1. Just to verify a result, which residue in the range 120-133, among those that are of a type outside the set (D, E, K, R) and out of contact with any strand residue (DSSP E or B) (no Cβ under 8 Å at 6 or more places or on another chain), is farthest from residue 174 (Cα to Cα)?
2. Being over 19 Å from residue 13 (Cβ atoms) and crowded, with 16+ Cβ neighbours inside 10 Å is the filter here, so list the residues in the range 71-83 that pass it.
3. Being farther than 18 Å from residue 89 by Cα, under 26 Å from the mean Cα position of the chain (by Cα) and not charged (D, E, K, R): is that true of residue 13 here?
4. Which one of 115, 205 is more than 30 Å from residue 44 (Cβ to Cβ), surrounded by fewer than 23 Cβ atoms within 10 Å (Cβ to Cβ) and β-branched (Val, Ile, Thr)?
5. Given the residues 34, 46, which is the only one that is touching a Gly at 6+ places or on another chain (Cβ under 9 Å), closer than 30 Å to residue 156 by Cα and hydrophobic (A, V, I, L, M, F, W, C)?
6. Looking at the range 69-82, I want the residues that are outside any loop (DSSP other than H, G, I, E, B) and have a partner that is crowded, with 19+ Cβ neighbours inside 10 Å and polar (S, T, N, Q) with Cβ atoms under 8 Å, at least 6 apart or on another chain. Which pairs are those?
7. Of all residues being surrounded by fewer than 23 Cβ atoms within 10 Å (Cβ to Cβ) and small (Gly, Ala, Ser) in the range 170-194, which is farthest from residue 248 (Cα to Cα)? Just the residue, please.
8. Being surrounded by fewer than 24 Cβ atoms within 10 Å (Cβ to Cβ), more than 23 Å from residue 49 (Cβ to Cβ), over 8 Å from the mean Cα position of the chain (by Cα) and not charged (D, E, K, R) is the filter here, so list the residues in the range 118-135 that pass it.
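Throughout, read-outs are computed from the coordinates displayed, never taken from laboratory work. Nothing here was measured: the structure is a model prediction, and the numbers come from that model. In this analysis, Cβ positions are derived from the backbone assuming ideal geometry, glycine residues included, and neighbour counts consider all displayed protein chains.
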Amino acid sequence: MPKIHPTAIIEGNVSIGSEVEIGPYTTIKGNVTICDGTIIETGTCIYGNVIIGESNKIGPYAIIGADPQDLKYKGEETGFVRIGNGNVIREFVTIHKPTSKESETVIGNNCLLMVGSHVAHDAKVGNEVVLVNNALLGGFSIVEDGAFVSALIGLHQHTRIGKHAIVGALSKITQDIPPFTMAVGTPAEVVGINSIGLRRRGFTVEQRNKIKECYKIIYRSEYTIRQAAQKILEIFPNDEIVKYISDFILSSKRGIAKGLRREEESIEM
């Protein structure tokens with residue numbers, strides 16, 4: 001049975017799973033599903049169309065499903081906020097609902113959203129993503145699996161951060177950050193490969209070296225970015241990681257963050 005504090009306010013079509021805990025002064029209103037084992041602490045507010053998966057821990061005073069901060073939004077019914085399983089959502093995190101019935105705001109599985117981080121309307125956050133304190137994701141932005149977004153960054157709307165990339169604190173992100181890279185600055189520039197993060201994620205030496213070679217071609221050759229994205233497919237045919245890097249670049253709508261030139265990275269042995 002769920003454990004619901006008597007001061008909690010629950011209204012509407014709310015479905016609560018087993019072993020769910022809802023803390024004092026929490027407000028849940030709307031078409032809300034909360035699955036087994038999720039813990040919601042003091043003062044959190046959940047509004048509208050929201051699905052929260054299993055075994056999440058939601059800290060005090062988080063806001064989930066509030067209206068989008070979009071001047072075009074006029075109070076109409078919209079799609080869902082969907083949150084997966086095993087996430088830790090800390091105090092004062094805000095996750096806003098999408099702007100249309102056809103769209104969703106999504107958090108994947110096993111993410112850590114630290115204090116004060118913000119996921120705007122229609123944004124998509126993948127699995128095992130870390131948003132550090134006060135990281136701010138603009139509307140329609142995408143943060144892919146395994147990315148690490150440091151404190152006090154601003155991610156422009158419609159911008160993407162690729163898989164297993166790391167973005168340094170205080171960065172201003174106005175163009176896509178390619179997968180597997182390190183980026184920092186205002187505006188953010190790619191300064192290398194996220195070698196330590198890739199090693200921790202279980203990427204082999206061969207895979208890491210191949211990723212380094214791809215980015216040397218992309219950022220340190222005479223090719224344009226799009227030419228380089230096609231060239232790496234010729235050099236490493238039938239490689240899924242290389243194909244993903246190439247597809248990410250070729251599908252960019254806002255362009256790829258520039259590279260900061262520095263000494264050549266060594267090949268790992």
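1. This residue is 127.
2. 73
3. Here the answer is no, as residue 13 does not meet what is asked.
4. One residue alone meets the criteria, 205.
5. None of the others qualify; the one that does is 46.
6. Close Cβ pairs satisfying both conditions: 81/49; 81/105; 82/105.
7. 185
8. 132, 133, 134
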